[in-house]
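Quick notes on the structure that follows.
Laboratory data are not the source of any read-out in this text; all were calculated from the coordinates shown. Remember, predicted model here, so these are calculated numbers, not experimental data. Cβ: placed from backbone, ideal geometry, glycine included. Neighbour counts: every protein chain shown.
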Amino acid sequence: MPNSECYPIDAVPGLSRLFLDYCAGEPGVRPFYPSLPRETDWQMRCPLPAHWNDVVDVLAGQNPSAAAAPALETLRTGSGTVLTGQQVGLLGGPLFTPFKAATAVARARQATAAGQPHVAIFWLATEDHDFAEIDHVTFPSRKGLRKLVYPKAPANPVPVGGVVFDETIEPVMEQAWELLGASDAMDALAAAYKPGRTFGQAFAEFYSKVFAAQGLLVLDAAEREVHRLGAPVLQAAIERADELHNALQERNKALDAAGYHAQVIVAPQSSLLFLIDERIGARIALKRVPPSAAEPSGLWQAGRDKFTTADLVGVLSAEPERISPAALLRPVFQDYLLGTSLVIGGPAEVAYFAQSAVLYERILGRTTAVEPRLSATMIEPAVAELLRKHELGLERILKESPDSLAQLLAARAMPVESKRKLSAVGTSLDAELEPLLEYMKAMDAGLGRSAETAANKMRYQMNRLRRMAANFEMQREGSLRRHAEAIEHALNPSGNLQERVHGAAYYFARYGFELAETLTVLAGDPCPGHKAVWL
């Protein structure tokens, strides 16, 4: 196992207060969640759904490998499920994707070890229609970062999982071979991502191989049988739309009153559903049309088409695959199907569970627990050497911009005499200014404010001297800029977490499929924050 360090989750920039308070177990979030992290009540399996055997049959059809057989047999005996999922990104998507899978496996193992058998399932978000979010992947290279893009976007916003690769995937794969080199991971990518396969099929095949030893199952939600089995949730969202909409608006007000913000905006005419256009296959948001004299019960609208509630119930009965849940309803749809004990999500998903909870209560009569996925930064040996050389820790790097990191390295590389003189002058300046400012404020408040402005300009010039000295050192020692760029690209690319930018396949190509087990063990550690993992 590689060494790892645990940092507080608030070391990660840009996280919502709701998510941070949830991770910290603050009492203020208790009204919005059924449980808090590391509580174990979720391990008690909820009653098996009436359709359980049908769901297991679907899973068996989608997971035909021998490696999946033990998990499927465990499900047939009535085990619980730990669920996670993600969009089906190109070439395996970003690094946090296997972090989710590993966390689900780790929690399933923990429940099983406690005497409550559980299986981890990965929900493929094949019905999402934002192609720009999944048509690319970014891999580290010797010269920084390389972004690979599949160029053939569909003409309409269709569900991305069904988009079929044509021959333009071949140049993308050639670039991947160049960047990743020969490995089991690259062989798996080449077998999965080829003309005639869909985004959903390729993604499922790749991760089924990556996590084969861990018994992870995948579930493509787009197929007709899944929607048929989950139709009661979709029908509730149709027939009780106004009730559920009002409940969400009240929950948003409660979140606001508690000092939090709603992750998902609930607009006046919004609904919890999408409809596949039968002409062009586009996935279009269904909106509510207010009641009128002609339609006292109101209507539904998707694009230019309008429907009554009875019309939509008819579509659901005849073509259930045409109606799919929006973000807030999707976890309810998932958990109705699978009787889920625990959901693993990222920061945004955990945050919007505070809204989805009211849908759970009204549709399922229960609320599923949610826990955050593993959050980590992988530090490769060459980058680790740079960190040691410059005496840098991950927490400091996450606070720096690319330019400020270069300035920091240059400042630390300055000769001792330069540091001493700059420090002495800065200290003397502060020591002389403070009593002078107090004296001038005592003479006159306006004079004191003017003096403070002048003093700030003097401090600015002092800092400018420090930057000038650091820039001179950076110009004299050209490697400092290169080191800063290498660290930034590797650990905090463009100010973003590595896990959100780097493609996961790069790490499996470098460190083998054994990395899946390493991540699972790391996800089982008690660290409640962000891990630095020294590979």
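The stretch 1-47 to the stretch 73-144: how many Å between their Cα centroids? Each part reduced to its Cα centre gives a spacing of 18 Å. Packing, taken as the mean count of other beta carbons within 10 Å per residue, orders the peptides 79-90, 274-285 from highest to lowest as 79-90, 274-285.
Positive end of the dipole of the chain (Cβ unit charges, origin at the Cα centre): among S375, N492, T97, the Cα lying farthest that way belongs to N492. Cross-link reach is defined here as a Cα-Cα straight distance under 12 Å, omitting same-chain residues fewer than 8 places apart; for K421 none of the aspartates and glutamates meet it.
Using C-alpha pairs under 8 Å with a sequence gap of at least 6, the mean separation divided by the residue count of the stretch 282-423 gives a relative contact order of 12 percent. Taking a straight line from the alpha carbon of K306, these aspartates and glutamates sit under 14 Å away, with near neighbours fewer than eight places off in the same chain left out: D277, E278, E295. A straight Cα-to-Cα reach below 12 Å connects K209 with the aspartates and glutamates D184, D187, E514, residues fewer than 8 places away in its own chain not being considered.
Taking GluC sites (Glu not before Pro) across the stretch 124-224, the ones in a DSSP loop with at most 13 further Cβ atoms lying within 10 angstrom of their Cβ are E167. List the pairs from K253/K287; K100/K389; K147/K194; K143/K531 whose alpha-carbon separation is above 28 Å, in the order I gave them. Correct reply: K100/K389. Identify unpaired cysteines across the chain, taking unpaired to mean no other cysteine Cβ lies under 4.7 Å from the residue's Cβ. Isolated Cys, the chain: C23, C46. Structural descriptor for the chain: relative contact order 25 percent, calculated from alpha carbon pairs under 8 angstrom and at least 6 residues apart.
Subtracting the Cα-Cα distance of S35 and K306 from 0.36 nm times their residue separation leaves 93.5 nm of extension gain. Farthest toward the positive end of the dipole of the chain, out of A67, S4, L286, is the Cα of S4, where the dipole comes from beta carbon charges about the Cα centre. Mean residue ellipticity at 222 nm, helices only, the chain: -15500 deg cm²/dmol; runs of at least 4 DSSP H residues each add -39,500 (n - 2.57), and the sum is divided by the number of residues.
When you count the other C-beta atoms within 10 angstrom of each residue and take the mean per peptide, 454-461, 329-336 line up highest first as 329-336, 454-461. Look at the alpha carbon pairs under 8 Å that are at least 6 residues apart: their mean separation over the length of the stretch 432-535 gives a relative contact order of 8 percent.
Answer with a single label: of [x] 24.2; [y] 25.9; [z] 30.7, which was calculated as Kirkwood radius over Cα pairs in Å from the structure in view? Structure-derived value, by its label: [y].
Inter-part distance, the stretch 314-389 to the stretch 184-263, computed on C-alpha centroids, equals 8 Å.
Under a model in which nothing but the beta-carbon of Lys, Arg (+1) and Asp, Glu (-1) is charged, the chain shows a dipole of about 1220 debye around its Cα centre. Volume per residue for the stretch 109-166 equals 148 cubic angstrom (convex hull of Cα atoms). In a reduced charge model with +1 at each Lys and Arg Cβ and -1 at each Asp and Glu Cβ, the stretch 269-351 shows a dipole moment near 220 debye about its Cα centre.
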